[in-house]
1. Which condition breaks for Lys133 when tested against (1) in contact with a helix residue (DSSP H, G or I) (Cβ under 6 Å, 6 or more places away or on another chain); (2) at pLDDT 90 or above; (3) more than 17 Å from Leu23 (Cβ to Cβ)?
2. Give the range 28-53 a look and list any residue that's among the basic types (Lys, Arg) and in contact with a strand residue (DSSP E or B) (Cβ under 9 Å, 6 or more places away or on another chain), or say none.
3. Go through the range 1-36 and report how many residues are under 15 Å from the mean Cα position of the chain (by Cα) and at negative phi.
4. In the list Ser64, Ser79, which residue meets the criterion of being on the phi < 0 side of the Ramachandran plot, of a type in the set (Ser, Thr, Tyr) and not in a loop (DSSP other than H, G, I, E, B)?
5. Residues being over 13 Å from the mean Cα position of the chain (by Cα) and in a strand (DSSP E or B): count how many of those fall in the range 37-46.
6. Just need a number here: residues in the range 1-36 that are touching a residue at least 24 places away in the same chain (Cβ under 8 Å), within 17 Å of Leu62 (Cβ to Cβ) and either among the aliphatic types (A, V, I, L, M) or not in a strand (DSSP E or B) (or both).
7. Looking at the range 103-140 only, could you name the residues that are under 24 Å from Glu78 (Cα atoms), assigned to a strand (DSSP E or B) and hydrophobic (A, V, I, L, M, F, W, C)?
Amino acid sequence: MQGNYIAVFIHSIWTTKCRLPVLPKSIRYPLYEHIRENAMKKGIDLRIVNGVDDHAHCVFRLLSTQTFSRVIKNLKGESSKWLNDTFFVGGDWNGYLEKMAKKKGIDPLYYASGFSWQTGYGAVSVSPQNVGKAVQYVFNQERHHAENGLEDELKLFRYYSDMDWEGLEEM
């Protein structure tokens with residue numbers, strides 16, 4: 001067989017630092033559009049990105065020339081920088097992160113340097129037959145979280161991956 005034929009799909013989830021709900025719709029929508037544009041520029045086959053105020057999900061196809069960690073770094077790391085440059089550091093939302101941290105009983109200095117995602121992430125493989133279901137699940141995040149919290153979702157992630165995710169609670 002000539003060439004590489006790979007059908008590896010990943011559903012990944014990551015949270016804001018301290019799971020602080022600092023991504024209102026007015027920030028999320030431009031953020032996800034930016035992530036989509038950045039993914040396209042970097043050659044990442046991103047099927048969907050969506051989330052709520054304290055975490056994000058994405059479904060992507062891992063190409064033969066990519067490593068999983070590099071894709072996540074390109075999605076997470078670059079979006080943190082963009083959020084800070086666009087909204088949080090010196091922008092209209094300056095001081096918002098510290099205010100939200102204080103409101104949740106978290107030391108505001110923890111966010112003094114700006115926005116960041118929590119260290120780490122969760123990820124599970126998705127069979128090619130179930131990519132549509134995973135995309136639909138990510139698409140419906142707001143409706144899903146109107147009834148279920150992040151903790152419930154992480155329990156489902158743990159259940160469906162059939163793994164003991166040590167440290168998932170801190171994610």
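1. (1)
2. Arg28, Arg36, Arg47
3. Residues meeting the conditions: 24.
4. Unique residue meeting the criteria: Ser79.
5. Going through the range 37-46 one residue at a time, the tally reaches 1.
6. 7
7. Trp117, Ala123, Val124
Table: residues versus (1) over 30 Å from Gly3 (Cα atoms); (2) without any contact (Cβ under 8 Å) to a residue 60 or more places away in the chain; (3) touching a strand residue (DSSP E or B) at 6+ places or on another chain (Cβ under 6 Å).
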site	(1), (2), (3)
His55	yes, no, yes
Cys58	no, no, yes
Leu62	no, yes, yes
Thr65	no, yes, no
Arg70	no, yes, no
Gly77	yes, yes, no
Lys81	yes, yes, no
Phe87	yes, no, no
Asn94	yes, yes, no
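The values are calculated or read from the model by the stated rules, or taken from the named source; none is laboratory data. As the structure is a computational prediction, the values presented were derived from the model and not from experiment. In this analysis, Cβ positions are derived from the backbone assuming ideal geometry, glycine residues included, and neighbour counts consider all displayed protein chains.
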